[in-house]
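Comments concern the structure below.
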Amino acid sequence: MGSNGQITGAPSAQLAVDQFLKAVNAKDLQAMSIVFGTKDGPARETMDRTELEKREVILACYFNNDSYRTLGEMGGSQGHREIKVELKKGNLTRETTFYAIKGPGGRWYIDNMDIAAVRDFCGNPGTSTRRQ
């Protein structure tokens, strides 16, 4: 549980990724901060708020997508679960990996992700048509 009594994290690594990506697409930094964290719990309880929000805005830019699907999950190093995800944005399709770790209360948090795989998503207008 978070310090405000709200349950943080997710019951599984895959659900943590789902919640994170839904929060990204909703541009909901608060919802992102519920599942973004470490083995010590949600980042919003262990990190400076301004720094956390800056990081979340950047992550939201890179991981914003039109659709996604989970490709698979496997064990990783140091207790991590690695979740492979295919993201689509406009005419781009990229595979990336999210790294989830079990935290307090057996809840799962996303503590890292492969940004390099989706670097061209940030700044890509996707399918929108902008008038000049």
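Observations
- Formal net charge of residues neighbouring R69 (Cβ-Cβ distance under 9 Å; K, R +1; D, E -1): 0
- Using alpha carbons only: equivalent-ellipsoid semi-axes of region 1-52, gyration tensor based, whole Å: 16, 14, 10
- Centroid-to-centroid separation of region 104-119 and region 1-53 [C-alpha atoms, Å]: 10
- The magnitude of the dipole of the chain, with charges of +1 and -1 set on the Cβ of Lys/Arg and Asp/Glu and taken from the Cα centre, is near 340 debye.
- Computed helical MRE - 222 nm, the chain, DSSP H runs ≥ 4 contributing -39500 (n - 2.57), nearest 500: -8500 deg cm²/dmol
- Estimated at 0.36 nm per residue, the fully extended path between I7 and K22 surpasses their Cα-Cα distance by 3.7 nm.
- In degrees, nearest ten, helix 49-63 long axis to first principal axis of the chain (Cα): 40
- In plain terms, if you count all Cα to Cα distances in region 37-112 and split them into 5 Å steps from zero, the share in each step is 3, 15, 19, 22, 20, 15, 5, 1, 0 percent.
- Axis angle, to the nearest 10 degrees, between helix 13-25 and the longest C-alpha principal axis of the chain: 50 degrees.
- Candidates T46, T96, T38, ranked by Gaussian network fluctuation over the chain, Cα under 10 Å, top entry: T46
- Across the chain, the fraction of Cα-Cα pairs farther apart than 22 Å, rounded to a whole number, is 33%.
Every read-out reported here was derived from the displayed coordinates using simple, explicitly stated rules and does not represent laboratory data. Only a predicted model underlies this, so the values are computations on that prediction, with no experimental measurement involved. With ideal geometry, Cβ positions are generated from the backbone for all residues, glycine too; neighbour counts draw on all protein chains shown.
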